[in-house]
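S.K.: Just passing along the structure, written as structure tokens.
Every number here is computed from the coordinates shown, using simple stated rules; none is lab data. Predicted model, so just to flag it, every value in this text is computed and none were measured. Glycine gets a Cβ as well: all are built from the backbone with ideal geometry, and neighbour counts include every protein chain shown.
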Amino acid sequence: MTIIVIYPGCDRDEFSWGKQVGNLVYSGNVIFLGSVELALISEIEDDRIVFGGKTGEIEKIGVGSILVTGVSGKTPYGTLRKVTHITANGSQVTVSTLDATLPEAIKEGTIRIEKRLLEKDFRLKSKVDGILVTGPDKAFDGLAVTLDDFEIQNEGNSWATLEGAIGVSAEITITIEIRFNRIQEMNVTTVLHNIDEVTLRSSGLFYGSKDTTLAEFIHSPIITDSIVIVPEIAFNCGYEGTASGEIVSGVRQDRILTSQMRFQRYNWSENTFDHSEVFDFIEPYLTESTDVKISSGPEVMIRIFGVPVQSARAAGFYLVRSDETIPTGWRLFIGCDGYNIINAGLLGFRDDYIQKLDVDASEINNNGDK
């Protein structure tokens, strides 16, 4: 039998059932670790945190506590951890942990992320040889990289390179409504303004397939109501097919892709995917039979407490195919391969949700009438 006792004169507002931070009410077992506690971290791994000393907040940690930390040198994404075991050795405290979910940490409230991702807020994380980072003097305020004779094949006397530029200006809006420690509704809108301008040059036989991450960038942390959000952008480029002889082919695609997804009543509802594009090209030059696909584009990842929550990838591509009815004839196609994934883990969902961002290949020109 459960007995609820109400004391006379007790003001209802005095009842504390969580911890209010801005628009969110965190669960009562949440412990916030600030700059003092972060400075005491001597070691942090996926399954444990070691503190070199104690504070009042560290001494509050018990099995079942959920730790929310801010950003530091050792926690660049913040952390959201559930405590499974504690070991104390003098002043050193070792806390064994598992990843926690947002609904475990938050009782009520709305998380809203609305951001246009600008070049000035990113720093370079990594890049490969043959890739230059385009500076702020470019024509738009998104991120871009330049392919400077980027070598994709070099065997004997045959070589193949890619030249050009890849850029993206991304706008993201994510709204997560939580009630009773459960996500009740989630809305995700992603707009990608992509620029892909890539020229393939091959001196002879060119074949195979490969996808390469050219460069990775990390956004400065976005912190709202103790939630740490870090967007990342990677630029990718790939090829597949065979060119039996020399080939030169280049296409520019300016493409806008809009993805909208909604979770409500424990299910993802009908979604919207719109796209538009303008393009230009140089007439392909080829000496032998050819069937080659060149793809390029960004992948935008949104991390909350370091865990990927959304990954949107859109790779514009072009296809060059020889026309067997005409010597050195060609047909040129463009399209887009992509996806938008909502990752289940941090959200407490059972399954990931995937929306395809595919645009079927369409023929834009040929020299069949020559």
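S.K.: Quick one: in region 308-367, of everything that is of a type in the set (Phe, Trp, Tyr) and out of contact with any Asp or Glu (no Cβ under 9 Å at 6 or more places or on another chain), which residue is nearest to residue 210 (Cα to Cα)?
M.R.: For region 308-367, the residue satisfying everything is 353.
S.K.: Do you know which residues across region 169-182 are in contact with a strand residue (DSSP E or B) (Cβ under 8 Å, 6 or more places away or on another chain), surrounded by fewer than 20 Cβ atoms within 10 Å (Cβ to Cβ) and either assigned to a strand (DSSP E or B) or not hydrophobic (A, V, I, L, M, F, W, C) (or both)?
M.R.: Passing the criteria: 171, 173, 175, 177, 179, 181.
S.K.: Give region 276-304 a look and list any residue that's farther than 23 Å from residue 321 by Cβ and out of contact with any Asp or Glu (no Cβ under 6 Å at 6 or more places or on another chain), or say none.
M.R.: Once the filter is applied, which keeps residues that are farther than 23 Å from residue 321 by Cβ and out of contact with any Asp or Glu (no Cβ under 6 Å at 6 or more places or on another chain), region 276-304 yields 276, 298, 299, 300, 302, 303, 304.
S.K.: Which one of 160, 170, 100, 88 is closer than 30 Å to residue 206 by Cα and of a type in the set (Gly, Ala, Ser)?
M.R.: It is 160.
S.K.: With respect to residue 130, is the statement that it is out of contact with any Leu (no Cβ under 8 Å at 6 or more places or on another chain) and either more than 26 Å from residue 190 (Cβ to Cβ) or loosely packed, with under 14 Cβ neighbours inside 10 Å (or both) true?
M.R.: Criteria not met by residue 130.
S.K.: So, in region 135-166, of the ones that are surrounded by 16 or more Cβ atoms within 10 Å (Cβ to Cβ) and in contact with a helix residue (DSSP H, G or I) (Cβ under 9 Å, 6 or more places away or on another chain), which residue ends up farthest from residue 347 (Cα to Cα)?
M.R.: 144
S.K.: Could you list all residues from region 105-120 that are under 30 Å from residue 185 (Cβ atoms) and surrounded by 17 or more Cβ atoms within 10 Å (Cβ to Cβ)?
M.R.: 105, 106, 107, 108, 109, 111, 113, 117
S.K.: Here's something else I'd like to know. Does region 258-281 hold any residues that are of a type in the set (D, E, K, R) and touching a Lys or Arg at 6+ places or on another chain (Cβ under 9 Å), and which are they?
M.R.: Matches in region 258-281: 270, 277, 280.
S.K.: Which residues, taken from region 205-229, are closer than 30 Å to residue 268 by Cβ and under 16 Å from the mean Cα position of the chain (by Cα)?
M.R.: 213, 216, 217, 218, 219, 221, 222, 228, 229
S.K.: Might you let me know whether region 64-84 holds any residue that is out of contact with any helix residue (DSSP H, G or I) (no Cβ under 6 Å at 6 or more places or on another chain), over 27 Å from residue 25 (Cβ atoms) and of a type in the set (A, V, I, L, M)?
M.R.: No, that holds for no residue.
S.K.: Among (1) at positive phi; (2) among the small types (Gly, Ala, Ser); (3) buried (at least 17 other Cβ atoms within 10 Å of the Cβ), there is one condition residue 245 misses while meeting the rest; what is its number?
M.R.: The number of the failed condition is (1).
S.K.: Just one of the numbered conditions (1) within 18 Å of residue 307 (Cα to Cα); (2) in contact with a Phe, Trp or Tyr (Cβ under 9 Å, 6 or more places away or on another chain); (3) surrounded by fewer than 19 Cβ atoms within 10 Å (Cβ to Cβ) is not true of residue 74; which one?
M.R.: Here residue 74 meets the rest and fails (2).
So that you can scan it fast, the table gives a plain yes or no per residue for (1) under 20 Å from the mean Cα position of the chain (by Cα); (2) in contact (Cβ under 8 Å) with a residue 24 or more places away in the chain:
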| residue | (1), (2) |
| --- | --- |
| 129 | no, no |
| 132 | no, no |
| 167 | yes, yes |
| 176 | yes, yes |
| 185 | no, yes |
| 191 | yes, yes |
| 198 | no, yes |
| 203 | no, yes |
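S.K.: Still on this structure, I have one more. Pull out all pairs, ordered by first then second residue, where Cβ-Cβ is under 7 Å, the residues are six or more apart or on different chains, the first lies in region 140-152 and is under 14 Å from residue 252 (Cβ atoms), and the second is assigned to a strand (DSSP E or B) and of a type in the set (D, E, K, R).
M.R.: Final answer for the pair search is 147/163.
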